[in-house]
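**Q** Provided herewith is a single structure, encoded as structure tokens, for subsequent inquiry.
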Amino acid sequence: MTFSRKKVFDNLPISYWIDSITPSTYPSLEDNIKIDIAIIGGGLAGIQIAYQLSKENLNIAIFEANNIGHGASGYTTAKITSQHNIIYSKIREQLGEELAQQYASANEIAIHEIKRIVEENNIECDYTTQSSYVYAQEEKNLQKIHDEVKAATSLGIEASFVEDIPFPIAIKGALRFDNQSQFHPLKYLTSLAKIISEKGVNIYEKTRIIDVEEENNNYILTTNNGKKIRAEKVIISSHYPFYNKHGLYFSRIYASRAYIIAIKAKEKYPGGMYINAEEPARSLRYVNTPSGELILVVGDEHKTGQGEDMNKHYNALIDFAKDIFTIEDIPYRWSTQDCMTLDDLPYIGYYTANTPNLLVATGFQKWGMTNSTVASIILKDLILKGNSPWQDVYNPSRKTIAASTKKIYYCKC
Ligand SMILES: Cc1cc2nc3c(=O)[nH]c(=O)nc-3n(C[C@H](O)[C@H](O)[C@H](O)COP(=O)(O)OP(=O)(O)OC[C@H]3O[C@@H](n4cnc5c(N)ncnc54)[C@H](O)[C@@H]3O)c2cc1C
């Protein structure tokens, strides 16, 4: 099987999402400016944070190193779900009921918030409601599925156990969440960008922030072309937090890469969004395009820098897809990475316990559709009210047992 490479962007294969939108053309920053809030990064996090704050009487600007939506958000799978594989039973067991409830409520509300924003603004972004499934193929994971149904249900999520999924895959059982959704992430993101820019938020593209300094209770940001921004508050939503003076994020985040092929199949896709409980991950959703249905087959993740030849990863996905579908074409393939944390929970809140005017949203664990929306709500609440009902579970300075590493981890930063 040979790939048909549709286009190449920065020497990387372009995603269907980027290929199917009109590129944005916001100016770059050419003057020194003074503003209330500087948002660094124009992905789903940065744009949604600006959207939430744009209703306030604040002078806000977004600084994007390249083009908005061309980071991880432009190469994602875009399942909007509170079903983050197996998570609620883990949080409940390791961190307790209260934090598990915060995570569940935050992500459930995020699903509704995206829907509300789409409807309120008539955003055409191919938004559809779907059920979401995690299926177990190995006996040892079946109990995890049952535990997750129990944990999620007790936290108020519409979860159930099902014995089958509509594919010729031998499974032991699956976890199903109803009323989840999927969309075209960049139709959503670019529409929101237009809305906020009409409300007075300035968006600067091709404007990379290369330095952050503190001066008299303000932050001074320097751009790649030497312009200075004085801001009262700074939000770092640059995916990987590049500011290393505080927070030690480099020691508690790693990047994980995964691959996507977009196939045309003879069979009609039965609907729904699917992921396995095993490794390597295998994830599925469909997209309706003007030239017919595409099925996204996703997975083969690895720590960034520790993968094999990319073709091996794509071929593994093709082999998996061939067992389920009759592949007629593969018009797109692409890959991207996301930021992962030590305890599988994002870092959303104050950059450190001692920086009330410097905030961060990162570590979305490959579940950044709802988590970036959660970030937009938490950061708005912290900025406007000084607290959020979900701040503890997402607190970047949390003192917690890093469950995944089994090490006790105290953040003194
Ligand atoms: C293969 C894969 C599949 C995924 N599928 C799903 C899914 O189905 N559902 C889901 O919920 N999540 C999914 N995710 C996760 C989701 O895509 C990400 O968590 C999310 O897109 C991250 O958004 P972001 O705004 O934080 O980052 P980005 O979209 O990367 O945006 C950050 C922006 O900051 C800019 N930037 C960086 N440094 C600077 C700087 N110094 N100055 C100015 N700008 C800067 C970048 O150019 C970039 O545009 C997936 C992730 C992967 C890897």
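Listed here are the residues, each with its yes/no results for (1) buried (at least 23 other Cβ atoms within 10 Å of the Cβ); (2) in a strand (DSSP E or B); (3) charged (D, E, K, R).
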| position | (1), (2), (3) |
| --- | --- |
| ILE203 | yes, yes, no |
| THR207 | yes, no, no |
| THR222 | no, yes, no |
| ASN225 | no, no, no |
| ARG230 | no, yes, yes |
| TYR254 | no, yes, no |
| ILE260 | yes, yes, no |
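**Q** Considering segment 355-376 alone, what residues qualify as being more than 16 Å from the ligand (Cβ to nearest atom) and either surrounded by 24 or more Cβ atoms within 10 Å (Cβ to Cβ) or touching a residue at least 40 places away in the same chain (Cβ under 8 Å) (or both)?
**A** Selection gives THR355, ASN357.
**Q** With the condition kept exactly as written, say whether any residue in segment 298-310 is modelled with pLDDT under 95 and part of a helix (DSSP H, G or I).
**A** yes
**Q** Just wondering, is there one or more residues in segment 140-148 that are part of a loop (DSSP other than H, G, I, E, B) and out of contact with any Ser or Thr (no Cβ under 8 Å at 6 or more places or on another chain)?
**A** Checked against the condition, which is being part of a loop (DSSP other than H, G, I, E, B) and out of contact with any Ser or Thr (no Cβ under 8 Å at 6 or more places or on another chain), segment 140-148 yields no hits at all.
**Q** Among the residues of segment 161-184, what is the count of those that are farther than 12 Å from VAL134 by Cβ and not β-branched (Val, Ile, Thr)?
**A** Number of matching residues: 12.
**Q** Name the one entry in LYS144, LYS233, LYS140, LYS172 that is closer than 30 Å to LEU44 by Cα and not aliphatic (A, V, I, L, M).
**A** Going through LYS144, LYS233, LYS140, LYS172 in turn, the sole match is LYS233.
**Q** Please tell me if SER105 is assigned to a helix (DSSP H, G or I) and in contact with a Pro (Cβ under 8 Å, 6 or more places away or on another chain).
**A** yes
**Q** A further question follows. Inside segment 68-83, can you point out the residues that are assigned to a loop (DSSP other than H, G, I, E, B), more than 6 Å from the ligand (Cβ to nearest atom) and within 10 Å of TRP17 (Cα to Cα)?
**A** GLY69, TYR75
**Q** Next question. Under 17 Å from SER24 (Cβ atoms) and within 14 Å of the ligand (Cβ to nearest atom): which single residue out of LYS206, LYS194 fits that description?
**A** Residue meeting the stated conditions: LYS206.
**Q** On to the next question. How many of the residues in segment 30-59 are assigned to a loop (DSSP other than H, G, I, E, B) and of a type outside the set (Ser, Thr, Tyr)?
**A** The total comes to 11.
**Q** Mind counting the residues in segment 16-39 that are surrounded by 15 or more Cβ atoms within 10 Å (Cβ to Cβ) and in contact with a Lys or Arg (Cβ under 9 Å, 6 or more places away or on another chain)?
**A** 15
**Q** Could I ask something else about it? Could you please find all residues in segment 331-345 being away from the ligand (no atom under 12 Å from the Cβ) and either assigned to a loop (DSSP other than H, G, I, E, B) or buried (at least 22 other Cβ atoms within 10 Å of the Cβ) (or both)?
**A** TYR332, LEU342, ASP343, ASP344, LEU345
**Q** Further question: Kindly provide the set of residues from segment 224-249 that are more than 13 Å from GLY363 (Cα to Cα), in contact with a strand residue (DSSP E or B) (Cβ under 9 Å, 6 or more places away or on another chain), touching a residue at least 60 places away in the same chain (Cβ under 8 Å) and away from the ligand (no atom under 12 Å from the Cβ), ordered by number.
**A** Correct list: LYS227, LYS228, ARG230, ALA231, GLU232, LYS233, HIS246, GLY247.
**Q** Also, quick follow-up: Contact list please: Cβ distance under 7 Å, first residue in segment 64-81 and within 13 Å of LEU189 (Cα to Cα) and of a type outside the set (Gly, Ala, Ser), second residue within 7 Å of the ligand (Cβ to nearest atom) and part of a loop (DSSP other than H, G, I, E, B), pairs at least six apart or on different chains.
**A** ILE68/GLY42
**Q** Filter segment 377-413 down to the residues that are of a type in the set (A, V, I, L, M) and at pLDDT 95 or above, then identify the one that is surrounded by the fewest Cβ atoms within 10 Å (Cβ to Cβ).
**A** LEU384
**Q** Could you list all residues from segment 265-300 that are of a type in the set (D, E, K, R), touching a residue at least 60 places away in the same chain (Cβ under 8 Å) and closer than 23 Å to HIS84 by Cα?
**A** Across segment 265-300, the qualifying residues are GLU278, ARG285.
The values are calculated or read from the model by the stated rules, or taken from the named source; none is laboratory data. Note that the structure is predicted; figures quoted are calculated from it, not measured. Cβ: placed from backbone, ideal geometry, glycine included. Neighbour counts: every protein chain shown.
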